[in-house]
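Written below as C-alpha coordinates is the structure these notes are about.
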Amino acid sequence: MAAEWRGSDILFKLQSLFFCRGWHIAPPGLVAEMKSTSYKFPGNQSSIDEFILLGFTNFNMKIQFFLFPLFLFIYIFTVLGNFTIITVATLDSLLHTPMYYFLRNLSFLEMCYITVTLPKLLHTFVAKKKTISFYGCCMQMYCFFTLGVTECFILAVMAYDRFVAICNPLRYFSVMNKATCLKMATISWVSGNLISLGQTASIFSLPYCGPNIINHFFCDIPPVLKLACTDASANQIAVSVTGFLVLPLPFALVLYSYGRIIAAIIRISTNKGRKKVFSTCASHFISVTLFFGTGAFTYVRVKTSDTTDNDKMLSLLYSVVTPLLNPLIYSLRNQEVKGGLRKLLHQKIGTTETKPSANIRSNENDQ
(Lines give C-alpha, C1' and ligand atoms only; values in the text may rest on other atoms or scores of the structure.)
Protein backbone atom coordinates (compact mmCIF):
# COMPACT_ATOMS: atom_id res chain seq x y z
CA MET A 1 0.00 0.00 0.00
CA ALA A 2 2.85 2.36 0.90
CA ALA A 3 4.63 1.59 -2.35
CA GLU A 4 1.40 2.17 -4.29
CA TRP A 5 0.93 5.54 -2.54
CA ARG A 6 4.50 6.63 -3.25
CA GLY A 7 4.08 5.67 -6.90
CA SER A 8 0.81 7.59 -7.13
CA ASP A 9 2.38 10.57 -5.41
CA ILE A 10 5.26 10.66 -7.88
CA LEU A 11 2.84 10.35 -10.79
CA PHE A 12 0.77 13.23 -9.46
CA LYS A 13 3.82 15.46 -9.07
CA LEU A 14 4.86 14.65 -12.62
CA GLN A 15 1.35 15.48 -13.85
CA SER A 16 1.47 18.77 -11.98
CA LEU A 17 4.88 19.54 -13.39
CA PHE A 18 3.98 18.73 -17.00
CA PHE A 19 0.69 20.58 -17.07
CA CYS A 20 1.86 23.58 -15.05
CA ARG A 21 4.78 24.13 -17.37
CA GLY A 22 2.70 23.41 -20.48
CA TRP A 23 5.07 20.58 -21.52
CA HIS A 24 3.22 18.17 -23.78
CA ILE A 25 5.91 15.50 -23.80
CA ALA A 26 3.45 12.69 -23.27
CA PRO A 27 1.45 11.19 -26.17
CA PRO A 28 -1.78 13.10 -26.89
CA GLY A 29 -3.95 10.16 -25.85
CA LEU A 30 -2.19 9.87 -22.52
CA VAL A 31 -2.40 13.62 -21.96
CA ALA A 32 -6.16 13.57 -22.56
CA GLU A 33 -6.56 10.59 -20.22
CA MET A 34 -4.49 12.26 -17.50
CA LYS A 35 -6.53 15.45 -17.77
CA SER A 36 -9.87 13.67 -17.67
CA THR A 37 -9.02 11.29 -14.81
CA SER A 38 -9.64 12.44 -11.28
CA TYR A 39 -6.69 11.83 -8.98
CA LYS A 40 -7.67 9.56 -6.07
CA PHE A 41 -5.90 10.10 -2.80
CA PRO A 42 -5.50 7.28 -0.23
CA GLY A 43 -8.43 7.20 2.15
CA ASN A 44 -10.48 9.68 0.06
CA GLN A 45 -13.51 8.50 -1.89
CA SER A 46 -13.55 11.63 -4.05
CA SER A 47 -11.20 14.33 -5.29
CA ILE A 48 -11.52 17.89 -6.56
CA ASP A 49 -11.45 18.44 -10.30
CA GLU A 50 -12.03 22.20 -10.15
CA PHE A 51 -12.12 25.14 -7.79
CA ILE A 52 -14.62 27.99 -7.49
CA LEU A 53 -13.07 31.46 -7.47
CA LEU A 54 -15.28 33.88 -5.58
CA GLY A 55 -13.31 36.92 -6.69
CA PHE A 56 -15.31 40.00 -5.71
CA THR A 57 -18.70 38.47 -6.47
CA ASN A 58 -19.57 38.51 -2.76
CA PHE A 59 -19.50 42.31 -2.94
CA ASN A 60 -22.58 44.44 -3.50
CA MET A 61 -23.85 44.38 -7.11
CA LYS A 62 -23.37 48.14 -7.44
CA ILE A 63 -19.72 47.74 -6.44
CA GLN A 64 -19.30 44.88 -8.93
CA PHE A 65 -20.84 47.03 -11.67
CA PHE A 66 -18.17 49.64 -10.95
CA LEU A 67 -15.27 47.18 -10.55
CA PHE A 68 -15.62 45.41 -13.92
CA PRO A 69 -14.95 48.46 -16.16
CA LEU A 70 -12.32 49.68 -13.69
CA PHE A 71 -10.34 46.43 -13.84
CA LEU A 72 -10.81 46.23 -17.61
CA PHE A 73 -9.37 49.73 -18.03
CA ILE A 74 -6.47 48.92 -15.68
CA TYR A 75 -5.66 45.78 -17.64
CA ILE A 76 -5.71 47.48 -21.05
CA PHE A 77 -3.72 50.49 -19.82
CA THR A 78 -1.11 48.31 -18.09
CA VAL A 79 -0.56 46.05 -21.09
CA LEU A 80 -0.39 48.93 -23.57
CA GLY A 81 1.82 51.02 -21.29
CA ASN A 82 4.36 48.26 -20.68
CA PHE A 83 4.28 47.24 -24.34
CA THR A 84 5.03 50.85 -25.30
CA ILE A 85 8.04 50.90 -22.97
CA ILE A 86 9.36 47.67 -24.50
CA THR A 87 8.86 48.99 -28.02
CA VAL A 88 10.51 52.35 -27.41
CA ALA A 89 13.45 50.87 -25.46
CA THR A 90 14.00 48.32 -28.23
CA LEU A 91 13.74 50.60 -31.27
CA ASP A 92 15.57 53.65 -29.89
CA SER A 93 19.32 52.97 -30.05
CA LEU A 94 19.98 55.62 -27.40
CA LEU A 95 18.11 53.47 -24.88
CA HIS A 96 20.26 50.38 -25.46
CA THR A 97 21.80 50.68 -21.99
CA PRO A 98 21.79 48.34 -18.96
CA MET A 99 19.06 50.36 -17.24
CA TYR A 100 16.64 49.98 -20.14
CA TYR A 101 17.63 46.36 -20.71
CA PHE A 102 16.36 45.56 -17.22
CA LEU A 103 13.40 47.89 -17.73
CA ARG A 104 12.36 45.82 -20.76
CA ASN A 105 12.54 42.71 -18.59
CA LEU A 106 10.43 44.40 -15.91
CA SER A 107 7.83 45.63 -18.41
CA PHE A 108 7.52 42.15 -19.92
CA LEU A 109 7.14 40.73 -16.42
CA GLU A 110 4.39 43.21 -15.57
CA MET A 111 2.47 42.43 -18.77
CA CYS A 112 2.53 38.71 -18.00
CA TYR A 113 1.99 39.25 -14.26
CA ILE A 114 -1.29 41.09 -14.64
CA THR A 115 -2.42 38.79 -17.49
CA VAL A 116 -2.20 35.77 -15.18
CA THR A 117 -4.85 37.16 -12.80
CA LEU A 118 -7.00 39.95 -14.25
CA PRO A 119 -8.63 38.17 -17.25
CA LYS A 120 -9.84 35.41 -14.91
CA LEU A 121 -11.05 38.04 -12.44
CA LEU A 122 -13.00 39.79 -15.20
CA HIS A 123 -14.45 36.42 -16.18
CA THR A 124 -15.85 35.92 -12.67
CA PHE A 125 -17.88 39.11 -13.01
CA VAL A 126 -19.76 38.00 -16.12
CA ALA A 127 -19.73 34.18 -16.08
CA LYS A 128 -22.33 32.10 -14.27
CA LYS A 129 -19.82 29.30 -13.72
CA LYS A 130 -16.96 30.86 -11.78
CA THR A 131 -14.69 27.83 -11.78
CA ILE A 132 -11.09 27.08 -12.62
CA SER A 133 -9.86 23.56 -13.29
CA PHE A 134 -7.49 21.80 -10.90
CA TYR A 135 -4.65 21.96 -13.41
CA GLY A 136 -5.64 25.49 -14.42
CA CYS A 137 -5.30 26.55 -10.79
CA CYS A 138 -1.94 24.79 -10.63
CA MET A 139 -0.74 26.57 -13.77
CA GLN A 140 -2.00 29.96 -12.58
CA MET A 141 -0.18 29.61 -9.24
CA TYR A 142 3.02 28.47 -10.94
CA CYS A 143 3.01 31.32 -13.47
CA PHE A 144 2.05 33.94 -10.88
CA PHE A 145 4.84 33.05 -8.48
CA THR A 146 7.41 32.53 -11.21
CA LEU A 147 6.77 36.10 -12.34
CA GLY A 148 6.52 37.45 -8.79
CA VAL A 149 9.80 35.91 -7.58
CA THR A 150 11.56 36.93 -10.79
CA GLU A 151 10.34 40.49 -10.33
CA CYS A 152 11.81 40.57 -6.81
CA PHE A 153 15.23 39.77 -8.22
CA ILE A 154 14.88 42.10 -11.22
CA LEU A 155 13.93 45.02 -8.95
CA ALA A 156 16.98 44.33 -6.78
CA VAL A 157 19.20 44.21 -9.87
CA MET A 158 17.72 47.49 -11.14
CA ALA A 159 18.45 49.15 -7.81
CA TYR A 160 22.05 47.90 -7.99
CA ASP A 161 22.29 49.21 -11.55
CA ARG A 162 21.21 52.69 -10.40
CA PHE A 163 23.66 52.50 -7.50
CA VAL A 164 26.58 51.80 -9.85
CA ALA A 165 25.43 54.46 -12.35
CA ILE A 166 25.16 57.22 -9.72
CA CYS A 167 27.90 56.27 -7.26
CA ASN A 168 30.48 54.89 -9.71
CA PRO A 169 29.70 56.53 -13.06
CA LEU A 170 33.21 56.11 -14.48
CA ARG A 171 33.12 52.34 -13.97
CA TYR A 172 29.45 51.91 -14.90
CA PHE A 173 29.79 50.39 -18.37
CA SER A 174 32.70 48.19 -17.34
CA VAL A 175 30.78 46.79 -14.36
CA MET A 176 27.37 46.57 -16.04
CA ASN A 177 28.54 45.16 -19.36
CA LYS A 178 26.36 43.06 -21.66
CA ALA A 179 27.60 39.74 -20.29
CA THR A 180 26.94 40.79 -16.69
CA CYS A 181 23.45 42.08 -17.51
CA LEU A 182 22.59 38.87 -19.35
CA LYS A 183 23.81 36.75 -16.43
CA MET A 184 21.81 38.80 -13.90
CA ALA A 185 18.62 38.57 -15.95
CA THR A 186 19.08 34.84 -16.61
CA ILE A 187 19.72 34.06 -12.94
CA SER A 188 16.60 36.04 -11.98
CA TRP A 189 14.37 34.16 -14.44
CA VAL A 190 15.81 30.71 -13.70
CA SER A 191 15.60 31.26 -9.93
CA GLY A 192 11.98 32.39 -10.21
CA ASN A 193 11.08 29.30 -12.23
CA LEU A 194 12.81 26.83 -9.89
CA ILE A 195 11.45 28.34 -6.66
CA SER A 196 7.91 28.51 -8.03
CA LEU A 197 8.11 24.99 -9.45
CA GLY A 198 9.12 23.53 -6.09
CA GLN A 199 6.40 25.36 -4.16
CA THR A 200 3.66 24.60 -6.69
CA ALA A 201 4.51 20.89 -6.93
CA SER A 202 4.59 20.65 -3.13
CA ILE A 203 1.24 22.41 -2.66
CA PHE A 204 -0.62 20.49 -5.35
CA SER A 205 0.69 17.14 -4.13
CA LEU A 206 -1.56 17.61 -1.08
CA PRO A 207 -4.98 15.93 -1.09
CA TYR A 208 -7.96 18.19 -1.86
CA CYS A 209 -11.30 16.56 -1.23
CA GLY A 210 -13.60 19.50 -0.54
CA PRO A 211 -14.76 22.16 -0.02
CA ASN A 212 -13.45 23.70 -3.24
CA ILE A 213 -14.37 27.39 -2.80
CA ILE A 214 -11.41 29.81 -2.95
CA ASN A 215 -12.28 33.15 -1.38
CA HIS A 216 -9.90 35.03 -3.65
CA PHE A 217 -9.67 36.28 -7.23
CA PHE A 218 -6.83 33.91 -8.18
CA CYS A 219 -5.18 30.73 -6.90
CA ASP A 220 -3.07 32.28 -4.19
CA ILE A 221 -1.12 30.07 -1.78
CA PRO A 222 -2.85 30.90 1.54
CA PRO A 223 -6.47 30.27 0.39
CA VAL A 224 -5.50 27.14 -1.57
CA LEU A 225 -3.64 25.63 1.39
CA LYS A 226 -6.77 26.16 3.49
CA LEU A 227 -8.60 23.63 1.31
CA ALA A 228 -6.12 20.79 1.83
CA CYS A 229 -7.58 17.71 3.50
CA THR A 230 -4.44 17.13 5.52
CA ASP A 231 -2.12 19.07 7.78
CA ALA A 232 -0.46 21.72 5.63
CA SER A 233 1.67 23.30 8.37
CA ALA A 234 4.90 22.07 6.75
CA ASN A 235 3.89 23.73 3.48
CA GLN A 236 3.01 26.94 5.31
CA ILE A 237 6.43 26.99 6.98
CA ALA A 238 8.09 26.35 3.59
CA VAL A 239 6.13 29.24 2.05
CA SER A 240 7.13 31.57 4.91
CA VAL A 241 10.81 30.59 4.62
CA THR A 242 10.71 31.04 0.83
CA GLY A 243 8.93 34.38 1.25
CA PHE A 244 11.63 35.50 3.68
CA LEU A 245 14.37 34.60 1.20
CA VAL A 246 12.83 36.16 -1.92
CA LEU A 247 11.27 39.27 -0.34
CA PRO A 248 13.26 40.78 2.59
CA LEU A 249 16.69 39.83 1.25
CA PRO A 250 16.30 41.47 -2.20
CA PHE A 251 14.55 44.38 -0.50
CA ALA A 252 17.57 44.75 1.82
CA LEU A 253 19.76 45.06 -1.29
CA VAL A 254 17.34 47.69 -2.62
CA LEU A 255 17.51 49.62 0.67
CA TYR A 256 21.31 49.49 0.68
CA SER A 257 21.52 50.65 -2.94
CA TYR A 258 19.11 53.54 -2.44
CA GLY A 259 20.79 54.47 0.83
CA ARG A 260 24.08 54.88 -1.01
CA ILE A 261 22.26 56.72 -3.81
CA ILE A 262 20.72 59.20 -1.34
CA ALA A 263 24.14 59.82 0.18
CA ALA A 264 25.49 60.54 -3.32
CA ILE A 265 22.56 62.83 -4.09
CA ILE A 266 23.25 64.93 -1.03
CA ARG A 267 26.77 65.55 -2.33
CA ILE A 268 25.48 66.90 -5.68
CA SER A 269 26.34 70.59 -5.82
CA THR A 270 23.47 71.93 -7.94
CA ASN A 271 19.94 72.01 -6.62
CA LYS A 272 18.53 71.23 -10.07
CA GLY A 273 20.62 68.09 -10.47
CA ARG A 274 19.87 66.97 -6.91
CA LYS A 275 16.14 67.48 -7.40
CA LYS A 276 16.09 65.60 -10.72
CA VAL A 277 17.92 62.53 -9.41
CA PHE A 278 16.00 62.46 -6.12
CA SER A 279 12.62 62.77 -7.89
CA THR A 280 13.37 59.82 -10.16
CA CYS A 281 14.77 57.61 -7.38
CA ALA A 282 11.91 58.50 -5.00
CA SER A 283 9.24 57.34 -7.46
CA HIS A 284 11.14 54.11 -8.12
CA PHE A 285 11.54 53.50 -4.40
CA ILE A 286 7.83 54.03 -3.70
CA SER A 287 6.89 51.44 -6.33
CA VAL A 288 9.46 48.94 -5.04
CA THR A 289 8.39 49.45 -1.42
CA LEU A 290 4.74 48.92 -2.34
CA PHE A 291 5.55 45.65 -4.12
CA PHE A 292 7.88 44.21 -1.47
CA GLY A 293 5.88 45.46 1.51
CA THR A 294 2.51 44.03 0.48
CA GLY A 295 4.12 40.81 -0.78
CA ALA A 296 5.99 40.26 2.48
CA PHE A 297 2.87 40.95 4.55
CA THR A 298 1.02 38.27 2.57
CA TYR A 299 3.57 35.46 2.26
CA VAL A 300 6.00 35.81 5.15
CA ARG A 301 3.08 35.44 7.53
CA VAL A 302 0.86 32.72 6.04
CA LYS A 303 -2.32 32.47 8.10
CA THR A 304 -4.53 29.48 8.71
CA SER A 305 -7.62 31.56 9.29
CA ASP A 306 -10.14 32.49 6.62
CA THR A 307 -9.00 34.70 3.81
CA THR A 308 -10.78 38.01 4.28
CA ASP A 309 -11.79 40.68 1.84
CA ASN A 310 -8.97 42.79 3.27
CA ASP A 311 -6.48 40.15 2.10
CA LYS A 312 -7.94 40.33 -1.39
CA MET A 313 -7.61 44.10 -1.42
CA LEU A 314 -4.03 43.75 -0.21
CA SER A 315 -3.29 41.32 -3.03
CA LEU A 316 -4.55 43.90 -5.51
CA LEU A 317 -1.71 46.22 -4.50
CA TYR A 318 1.12 43.95 -5.63
CA SER A 319 -0.69 42.07 -8.41
CA VAL A 320 -2.60 44.94 -10.08
CA VAL A 321 -1.62 48.37 -8.75
CA THR A 322 2.17 47.89 -9.02
CA PRO A 323 2.04 46.80 -12.69
CA LEU A 324 -0.24 49.79 -13.31
CA LEU A 325 2.17 52.25 -11.67
CA ASN A 326 5.33 51.11 -13.42
CA PRO A 327 4.42 52.52 -16.90
CA LEU A 328 3.62 55.84 -15.21
CA ILE A 329 6.85 55.88 -13.21
CA TYR A 330 9.19 54.68 -15.93
CA SER A 331 7.66 56.53 -18.88
CA LEU A 332 5.69 59.64 -17.94
CA ARG A 333 8.35 60.61 -15.37
CA ASN A 334 11.24 59.55 -17.59
CA GLN A 335 12.44 62.16 -20.08
CA GLU A 336 14.50 59.66 -22.07
CA VAL A 337 11.55 57.34 -22.66
CA LYS A 338 9.29 60.26 -23.56
CA GLY A 339 11.95 61.59 -25.91
CA GLY A 340 12.34 58.19 -27.54
CA LEU A 341 8.58 57.91 -27.98
CA ARG A 342 8.37 61.37 -29.57
CA LYS A 343 11.23 60.50 -31.90
CA LEU A 344 9.55 57.30 -33.03
CA LEU A 345 6.26 59.11 -33.60
CA HIS A 346 8.01 61.86 -35.58
CA GLN A 347 9.80 59.28 -37.68
CA LYS A 348 6.53 57.51 -38.39
CA ILE A 349 4.70 60.73 -39.25
CA GLY A 350 7.66 62.00 -41.25
CA THR A 351 7.78 58.78 -43.27
CA THR A 352 4.10 58.97 -44.17
CA GLU A 353 4.43 62.66 -45.11
CA THR A 354 7.55 62.35 -47.25
CA LYS A 355 6.26 59.51 -49.39
CA PRO A 356 3.51 61.55 -51.15
CA SER A 357 5.84 64.52 -51.67
CA ALA A 358 8.50 62.25 -53.14
CA ASN A 359 5.93 60.84 -55.57
CA ILE A 360 4.87 64.35 -56.59
CA ARG A 361 8.48 65.36 -57.28
CA SER A 362 9.09 62.25 -59.36
CA ASN A 363 5.95 62.96 -61.43
CA GLU A 364 7.08 66.55 -62.02
CA ASN A 365 10.49 65.38 -63.21
CA ASP A 366 8.84 62.94 -65.62
CA GLN A 367 6.81 65.76 -67.11
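Quick look at the numbers
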{"read-out": "Pair list, Cβ under 7 Å, 6 or more apart: the range 140-167 residue within 23 Å of Ala264 (Cβ to Cβ), other residue hydroxyl-bearing (Ser, Thr, Tyr) and open to solvent by 10 Å² or more (accessible area, probe 1.4 Å)", "value": "Ala159/Tyr258; Val164/Tyr172; Ala165/Tyr172"}
{"read-out": "Subset of the range 18-56 that is buried (at least 16 other Cβ atoms within 10 Å of the Cβ) and in a loop (DSSP other than H, G, I, E, B) - its residue that is modelled with the lowest pLDDT", "value": "Phe41"}
{"read-out": "Every pair of residues 6+ apart whose Cβ atoms lie under 6 Å, when the first sits in the range 88-104 and is closer than 14 Å to Tyr172 by Cβ while the second is among the small types (Gly, Ala, Ser) and assigned to a helix (DSSP H, G or I)", "value": "Tyr100/Ala89"}
{"read-out": "All helices (runs of 4 or more DSSP H) inside the range 183-285 with 2 or more residues being open to solvent by 50 Å² or more (accessible area, probe 1.4 Å) and polar (S, T, N, Q)", "value": "none"}
{"read-out": "The range 108-133, subset open to solvent by 10 Å² or more (accessible area, probe 1.4 Å) and in contact with a strand residue (DSSP E or B) (Cβ under 6 Å, 6 or more places away or on another chain), residue farthest from Ile76 (Cα to Cα)", "value": "Ser133"}
{"read-out": "Scan of the range 199-257 for residues that are among the hydrophobic types (A, V, I, L, M, F, W, C), modelled with pLDDT of 85 or more and within 15 Å of Ser133 (Cα to Cα), ordered by number", "value": "Phe204, Ile213, Ile214, Phe217, Phe218, Cys219, Val224, Leu227"}
{"read-out": "Residue within the range 135-158 that is open to solvent by less than 30 Å² (accessible area, probe 1.4 Å), over 30 Å from Ser47 (Cβ atoms) and over 15 Å from the mean Cα position of the chain (by Cα) present", "value": "yes"}
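The values are calculated or read from the model by the stated rules, or taken from the named source; none is laboratory data. Just so it is clear, the structure is predicted and the values come from calculations on it, not from any experiment. Virtual Cβ from ideal backbone geometry, glycine too; neighbours counted across all protein chains shown. Accessible surface is based on the protein model in full, side chains and every heavy atom, while ligands, DNA and RNA are left aside. Shrake-Rupley method; radii C 1.70, N 1.55, O 1.52, S 1.80 Å.
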